1. Of the residues 111, 34, 93, only one is more than 21 Å from residue 184 (Cβ to Cβ), away from the ligand (no atom under 15 Å from the Cβ) and free of Cβ contacts under 8 Å to residues at least 40 places away in the same chain; which?
2. Which of the numbered conditions does residue 139 fail, given that it passes all the others? Conditions: (1) modelled with pLDDT of 95 or more; (2) within 20 Å of residue 208 (Cβ to Cβ).
3. As an exercise: evaluate residue 24 against (1) surrounded by 17 or more Cβ atoms within 10 Å (Cβ to Cβ); (2) closer than 19 Å to residue 107 by Cα and give the number of the one condition it does not meet.
4. In segment 20-31, how many residues are within 14 Å of the ligand (Cβ to nearest atom) and not aliphatic (A, V, I, L, M)?
5. Mind checking which residues of segment 69-85 are within 16 Å of the ligand (Cβ to nearest atom) and modelled with pLDDT under 90?
6. I'd like to know if segment 165-182 contains one or more residues that are of a type outside the set (A, V, I, L, M) and more than 22 Å from the chain's Cα centre (by Cα).
7. Quick check on this structure: which one of 47, 83, 73 is under 23 Å from residue 177 (Cα atoms) and open to solvent by 40 Å² or more (accessible area, probe 1.4 Å)?
8. Go through segment 37-60 residue by residue and tally those that are farther than 16 Å from residue 87 by Cα and either within 11 Å of the ligand (Cβ to nearest atom) or among the polar types (S, T, N, Q) (or both).
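The values are calculated or read from the model by the stated rules, or taken from the named source; none is laboratory data. From a predicted model like this one, the values you see are computed outputs, not experimental measurements. Quick reminder, even Gly has a Cβ in these numbers, built from the backbone with ideal geometry, and neighbours come from all protein chains shown. Only protein heavy atoms, including side chains, enter the accessible area calculation; ligands, DNA and RNA are left aside. Shrake-Rupley method; radii C 1.70, N 1.55, O 1.52, S 1.80 Å.
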Amino acid sequence: MPADLPLILVVEDEKPIRRFLRASLPKHDYRLVEAETGKQAMMMISSQPPDLIILDLGLPDMDGVEIIDQVRSWSQLPIIILSARDQEKDKVEALDRGADDYLTKPFSVGELLARLRVALRHRAKVALPDDAAEAGVYESEDLRVDLQDRLVTVEGQTVHLTPIEYRLLTTLITHAGKVLTHRFLLREVWGPGHVYEVHQLRVHMANLRRKIEADPARPRHILTEQGVGYRLGMT
Ligand code: CA
């Protein structure tokens, strides 16, 4: 395998899942290394940092969330959580602590590949200094946000946002492609004292969508992650 293919570290103690990933990822031009325990994962991450981590939350020797904390203390490398259905709460906590995305077991290859593409693209975006985000302009289909002039247009028409709506939108843009939890958005936009006001967030999000989405019932820009939060789609 050529060394320039993205290197994915899979941290998972369940053999069938590792086998499934080993059978599917290399066919799609990813290199794969595997760790069965958290300790092993931390050693591998520090000796050869991967381009992305696929992380099971329930590891035999530690909680996957601890790995997120350790990695986030020095790196923004993308982390995709693998969670079981009974780990909904843990999944949200993992996203809160800086994981990029999640997959609920069982998942399909198609789903996994789509998530990998978005997460790696997000990483490329963060890494490129002369990217549009740096230049102060975000563009996706009919939506254009000039972050320097604070000017939002849809199909060339200026859209007037309230300060809260604008902050919501720019927070999503800063983390485009990443799943942002309700708690994260509330903390970023309203402040740490408001992290439980999910209803408030929903109201402002609905207003924002009405202004920037062609069809707010089928949003193309701000996607809902059911029970978790929102994600800005990258097209
Ligand atoms: Ca497990």
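1. Working: 34 fails: away from the ligand (no atom under 15 Å from the Cβ); 93 fails: more than 21 Å from residue 184 (Cβ to Cβ).
Exactly one of 111, 34, 93 is more than 21 Å from residue 184 (Cβ to Cβ), away from the ligand (no atom under 15 Å from the Cβ) and free of Cβ contacts under 8 Å to residues at least 40 places away in the same chain, namely 111.
2. (1)
3. Failed condition: (1).
4. Filtering segment 20-31 for residues within 14 Å of the ligand (Cβ to nearest atom) gives 20-21.
When the remaining residues are screened for being not aliphatic (A, V, I, L, M), the result is 20.
Residues that pass the stated criteria total 1.
5. Going through segment 69-85, the residues within 16 Å of the ligand (Cβ to nearest atom) turn out to be 79-85.
Correct list: 83, 84, 85.
6. Of all residues in segment 165-182, those of a type outside the set (A, V, I, L, M) come to 165-167, 170-171, 174-175, 177-178, 181-182.
Then drop every residue that is not more than 22 Å from the chain's Cα centre (by Cα), which leaves none.
No: segment 165-182 contains no residue that is of a type outside the set (A, V, I, L, M) and more than 22 Å from the chain's Cα centre (by Cα).
7. Details: 47 fails: under 23 Å from residue 177 (Cα atoms); 83 fails: open to solvent by 40 Å² or more (accessible area, probe 1.4 Å).
Of the residues listed, the single one that is under 23 Å from residue 177 (Cα atoms) and open to solvent by 40 Å² or more (accessible area, probe 1.4 Å) is 73.
8. Residues in segment 37-60 being farther than 16 Å from residue 87 by Cα and either within 11 Å of the ligand (Cβ to nearest atom) or among the polar types (S, T, N, Q) (or both): 6 in total.
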